[in-house]
Amino acid sequence: MKYIWTPWRMKYIQENIKTSDCIFCQALSQPDGTDNLVLFRGEVVFAILNRYPYTSGHVMVVPRLHKPVLEELDAVIRAEIMELTTKCITVLRAVYHPEGFNIGMNIGAIAGAGIADHVHMHIVPRWAGDTSFMSTLGQTRVLPESLADTYQRILNAW
Ligand SMILES: [Zn+2]
C-alpha cells in the first residue's frame, strides 16, 4: 500500500483497513459457515480456517480486537489465544492424526504476516514429507480435500 504519511492520512488508512480490507474483521461481520470459514467464536477470540492453507486443517486463532501486535492486547485476551490454540490442537489431532504441528505468529509484514494489521496465531498440522511434496509443486498447493470438507470435519469434532 502506497501513501504519503500525515497524521490524518494515517488515521484514515487504519480505519479503512479495519472496515473494508481486513479479512478477519470482515469474517466476524458475516454469518458463520463455509463462506467466512469461522469455526468458533469465543468472547474475545475466534478460530477460522485459513483460505489458503499450508496443509489441510490449517487453522488460525484471532482476537476479536483489530490490533497488529500482542502487546496491544490485554493479558486475558493473550491467555484466551493460547487456550483456543490448545483446543484447536486437540480437535485437529482427533480429525487428522498429524505427526506434529507448527504453531506461531508472524508479527509485521517483514516477518511474513499476510494480514499484518490484525495479529493471529497459525496452527498448521504436519506430516512427514508434506514440505517436500509441496515444494515440488512450487506455488501450487494441492490438498487432499476441499475447504468445505475441512470446515465440516473440524466442526463435527469440535
Ligand atoms: Zn481486523
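FYI, it's all coordinate maths here, none of it is from the lab. None of these values were measured; they are calculated from a predicted model. Here the Cβ positions follow ideal geometry from the backbone for every residue, glycine too, while neighbour counts run over all protein chains shown.
Residues whose amide H falls under 5 Å from that of F46, counting only those 5 or more places apart or on a different chain, are V62, R64, with hydrogens built in the peptide plane.
For the range 50-86, backbone nitrogen atoms closer than 18 Å to the point 7 Å from D21 Cα along Cα-to-C-beta are found at 66-69.
Amide H contacts of R126 (H built 1.01 Å from N, in plane; Pro and chain starts excluded): E99, G100, F101, N102 sit under 5 Å, all sequence-distant by 5 or more or on other chains. With each label modelled as a point 7 angstrom along the Cα→C-beta vector, the R78-E43 pair spans 1.9 nm. With a Förster radius of 22 Å applied to the beta-carbon distance between T86 and W127, the computed FRET efficiency rounds to 0.60.
Across the range 85-96, computed HN-Hα scalar couplings (Karplus, 6.51 cos²θ - 1.76 cosθ + 1.60, θ = phi - 60°) run 4, 5, 4, 4, 4, 4, 5, 5, 4, 5, 7, 10 Hz from first to last residue, x flagging Gly and Pro.
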